[in-house]
Every structure is written in C-alpha cells, then in structure tokens.
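Here the structure is laid out as structure tokens; the discussion comes afterwards.
Readers should treat all values here as calculations from the given coordinates under stated rules, not as data from a laboratory. Predicted, not measured: the structure shown is a model, and the values here were computed from it. Glycine also receives a Cβ, built like all others from the backbone with ideal geometry; neighbour counts cover every protein chain displayed.
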Amino acid sequence: MMTSPPNGPRPGFLRNFAGTLELIKFSHSVFALPFALSAMLVAARGVPSLWTLFWILWCLVSARTAAMAFNRWADWDYDTFNPRTRRRSQLGTRPLTMILCGFSLVAFVIGSAQLNLLCLVLCPVACLIILGYSLTKRFTAYTHAFLGFALAAAPMGAWAATTGELTSPLPWLLAAAVWCWVFGFDLIYATQDVEFDLQAQLHSFPARHGVAAALRLARVLHFFTWLILLGFGCAASLSLPYWIAMILILGALFMEHFLCRTGDLKRINVAFFQMNALVGLFLVIGIGASIYLPNWHLLPGGRL
C-alpha cells in the first residue's frame, strides 16, 4: 500500500530554471538529437542552410520538452509516490507543467510551419505519438515500444525537414534502428521500477515477464539495432569513419549490457545514460566524418 509522500518546498519551475531542466530531464535530449542530426547530415550530404538547421533544432527541443512535460503531468501522482522519482514533485507544480507543455507544443507547430509543408502536415501525427506514449503504461506492458516510436520520429522529422519528402528508405532504416535501440534501453531502465509498477498496477515488460526476460529482449533488440545501422551505412554509401563508429557503437552496446547484468541500480544508470549517449555521439561523428571524408575507404576503387 502506498503511503503519503513527504511534504516539502515546491518552488515553481518558472522561478527555478535549473529545476525545470531537471524536471523534464533536459539532459536526455542527447538520445534523440544525434539521430536527428545524422538523418539531416545524410539527407543534405552535409550541413543544410542555417535556417533549416535552426528550425530542426527548435522543433527537436520544443517537441521533446512538450513530451516530457506532458509525461510529468500525466504521471504526477505516480511520480509522487515512487521513491526513485519522488523529488520531481518538488521541482514544480502540476498546472505549471501543463503550461510548459502547451507553450512547447505551440513552439513545435510554429517551427514545423517554418520548415516545409510536409513537416506542417505531419505535425499533428508527431504530437499524437510523442504525447500518447505517456499514457501507454496504463494498459500495455509494451510501453517501451511506444517510446521507441516517439524517438524514432526524430530522424524521420529531420529528414522531412531537410528534403521535403520521406520516399527514401534511408530515414525509415534510421527510424527502425532508433526504435530497436530505444525499446531495448528503456527495458533496461524499467527494471528499476518493477516493484513499484506491480504495487501501483502499472504495466511494463519487466513487471510482467521479469527482469531476466527484459534484459534478454534488450540484448536482442540492440543486436538488431546494430545490424540495421550496418544496413543504413551500406545504403547511404558511407565511408570508413562510419564503419569505425560502428565498431565503437558495438563496444558501447556490449558495455551497456555488461554493466546492467547484475541488476545494480547505479550500474543501470551508467548503462542507460552514459553508454547510450556514446552510441548517439559515435553515430553522428561517424556520419559527419563520412560525409566530409567520402574518399576514405578500406579498399581501392571506393568499395568497402
């Protein structure tokens, strides 16, 4: 049975900018951002115009802020009772969190309109996906897959913003890689809340099938992530730096699963944040270097 949370100071996050960033986990932007930038770089074969770059970044930040603010609003009561997330309720108030979500959604729509017609048309779909994820834990143990869909929208949106179309298979490959990757690492992250999810009657894969099964599925998903990224590199005709990055990404994914194998919460946090941040960093650097060093190949004649 859940007990009442302790009372404490609850400063409005509009008066505490650092608290606001912590409330919405602004630092976790490192997950979607590199994949969106990677899609942009491949689509433009370099950096697009400053106008396009600015509004892509604007849309990424505003969409993610809206999604996280809505997540905090929707999960406020659960976060208040969960020992791991209880401090969040002291960083702001529920009404102000919804206000932040509303302003961010307006900013996202404005940014989409500045890019092109396709981005504006797809804007409502993107909003439905990024906000809808927050409600899935009430009815499905596969909420982690829905989070994967939400983050997979980032490279798709960046490609659409850069080219005005989504007919190429490349953004779909990158989105598939993001889906597998996020699905996998969220399974790992969710192992921290198994007891609370069972107590609060919330759905999650680890709560239904156990931590061991969740970690096994995460390993499979991350293996497919790597395979899809290999296919993406071939389809995009990327050069040697990308393949070096793929070796580093494989190492980061391996280390992530090595760290979380014991179930130690501190190691899980390292595996979740630091290793996955490295995956995105290696990817965008590898793609950027491949774009600007297209003649670096393993074999003569431009073939890998």
Restricting the range 84-142 to chymotrypsin sites (Phe, Trp or Tyr not before Pro) in coil, as DSSP defines it, with at most 12 other Cβ within 10 Å
Phe139
In whole Hz, the Karplus estimates of ³J(HN,Hα) for the range 222-235 (6.51, -1.76, 1.60; θ = phi - 60°; x where Gly or Pro) are 6, 5, 5, 4, 5, 4, 5, 5, 4, x, 4, x, 5, 5
What ranking do 41-49, 274-282 get when scored by the average of other Cβ atoms within 10 Å per residue, highest first?
274-282, 41-49
Given a Förster distance of 30 Å, report the FRET efficiency between Ser49 and Ala235 from their Cβ-Cβ distance, rounded to the nearest 0.05.
0.75
Please grab the % of Cα pairs in the range 165-279 that end up more than 18 Å from each other.
53
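Taking R0 as 45 Å, what FRET efficiency do you get between Arg94 and Trp296 from their Cβ-Cβ distance, rounded to the nearest 0.05?
E between Arg94 and Trp296, to the nearest 0.05, is 0.30.
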Taking the Cα centroid of the range 160-209 and of the range 69-88, what is the distance between the two, rounded to the nearest whole Å?
20
Any chance you could run the full-extension gain for His209 through Phe254? It's 0.36 nm times the residue separation minus the Cα-Cα distance, nm to one decimal.
13.9 nm
With the Cα gyration tensor of the range 92-182 giving a ≥ b ≥ c as the square roots of its eigenvalues, does the rule (a/c under 1.5 for rounded; else a/b larger than b/c for prolate; else oblate) give rounded, prolate or oblate?
oblate
